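The values are calculated or read from the model by the stated rules, or taken from the named source; none is laboratory data. In this text the structure is predicted, and so the values were computed from the model without any measurement. A quick note on method: Cβ atoms are made from the backbone with ideal geometry, for glycine too, and the neighbour counts reach across all protein chains shown. Accessible surface is based on the protein model in full, side chains and every heavy atom, while ligands, DNA and RNA are left aside. Shrake-Rupley method; radii C 1.70, N 1.55, O 1.52, S 1.80 Å.
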Amino acid sequence: MRTPAFTPYAVLALGVAVVSTASILIRYAQGQAVPSLTIAAVRLGLAAVLLTPLVWARASGELQALRRRDLALALLSGTALAVHFWSWIASLAYTSVASSTALVTTNPLWVGLASLLILGERLAPRTIGGIALTLAGGACIFASDSSAGSAGLQPDPLRGNLLALLGALAASAYLLIGRALRPRVGLLVYIWLTYGTAALVLMMVVGIAGYSLAGYSALAYAAMIGLALGPQLLGHTAFNWALRHVSATFVAVSILGEPIGSALLALLIFGEGFAPLQLGGFALLLAGIFLAARGEQDATATQAAGR
């Protein structure tokens, strides 16, 4: 059955809305003295455990028939995902929600360049323009948060911003590997392998660091369970599903809607207000996402005409 043309865009919009709640849930868990590594490990571990019965019931044959090269790539993707979640979650302990989410979603630049140089994908002019606008929007948000007027509002903005940027680079690797694997590896198998690998990597690091998975408050566990069910299983699975239908670059650009949703929630819940420059950045992000969507449609129409 052919997927309607609008479906990938609707799925991406839902994914972005759900993922926007992640930073809020993380802040609640961190407020209950849960280490960032533990939050990331529990989030991915719960997601992998919940997926296991479904994978064995519906995709055990595909899993057993998986080629070694594809298995190795899936494990590499999961390792990149572990680095992404650890660094981004850690960043939220040091910098604002707006800056953290804006920087961690700069991956369109890295995905676009790598898609062009490594995967050989051609970027439509509108997609390139969309990337430029979204990056400009992220830069405005970052500059506003780093201004003198914002100094002292966060514990260590420089460290947090660098951690968020590392998270963006790791997420770019995760998206690019997923783009290469998804045409030949089913969604259930792919997300189970990547989420499970990321969880195992993070659990090992948690053990090495001497952190505990037990002994936290009910609110902390509720926040971590919410992260696994919402942003992870629903949000990130929506992104992985979309990778089979649209380019990795467009998925990365769409995720740039997350800072807007996260910042609005942070305003309502934590009272983190907006500066004029931040609002301008949000407008640029939305314009960039719209332009990139048009570019994706242009590229799809060109490919269909060439068949």
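A few points about this structure:
- Residue in segment 149-156 that is without any contact (Cβ under 8 Å) to a residue 40 or more places away in the chain, open to solvent by 40 Å² or more (accessible area, probe 1.4 Å) and more than 21 Å from Thr134 (Cα to Cα) present: yes
- The residue that is most open to solvent (accessible area, probe 1.4 Å), among those in segment 1-16 that are out of contact with any Ser or Thr (no Cβ under 9 Å at 6 or more places or on another chain) and assigned to a helix (DSSP H, G or I), is Leu14.
- Residue ID - farthest from Leu256 (Cα to Cα), chosen from residues in segment 189-212 that are among the small types (Gly, Ala, Ser) and buried (at least 23 other Cβ atoms within 10 Å of the Cβ): Ala199
- Flag if Gly186 is without any contact (Cβ under 8 Å) to a residue 12 or more places away in the chain and surrounded by fewer than 19 Cβ atoms within 10 Å (Cβ to Cβ): no
- At least 3 residues being not hydrophobic (A, V, I, L, M, F, W, C) is the threshold, and among the helices (runs of 4 or more DSSP H) wholly inside segment 132-244 those reaching it are 157-181, 187-209.
- Counted residues, segment 244-263 - those being within 15 Å of Ser77 (Cβ to Cβ) and surrounded by fewer than 24 Cβ atoms within 10 Å (Cβ to Cβ): 1
For (1) under 30 Å from Gln64 (Cβ atoms); (2) in contact with a Leu (Cβ under 8 Å, 6 or more places away or on another chain); (3) not small (Gly, Ala, Ser), each residue gets a yes or a no:
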| position | (1), (2), (3) |
| --- | --- |
| Thr105 | no, yes, yes |
| Leu109 | no, yes, yes |
| Gly112 | no, yes, no |
| Arg122 | no, yes, yes |
| Ile128 | no, no, yes |
| Tyr174 | yes, yes, yes |
| Ala180 | yes, yes, no |
| Tyr195 | yes, yes, yes |
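- Qualifying residue in segment 244-267 (condition: within 19 Å of Leu51 (Cβ to Cβ) and under 21 Å from the mean Cα position of the chain (by Cα)): yes
- Residue within segment 263-277 that is part of a helix (DSSP H, G or I), in contact (Cβ under 8 Å) with a residue 24 or more places away in the chain, of a type in the set (Phe, Trp, Tyr) and more than 16 Å from Val97 (Cα to Cα) present: no
- The sole residue among Arg68, Arg58, Arg43 that is among the charged types (D, E, K, R), out of contact with any His (no Cβ under 7 Å at 6 or more places or on another chain) and under 20 Å from Phe85 (Cβ atoms) is Arg43.
- Residues being surrounded by fewer than 24 Cβ atoms within 10 Å (Cβ to Cβ) and at pLDDT below 75 - total across segment 92-114: 2
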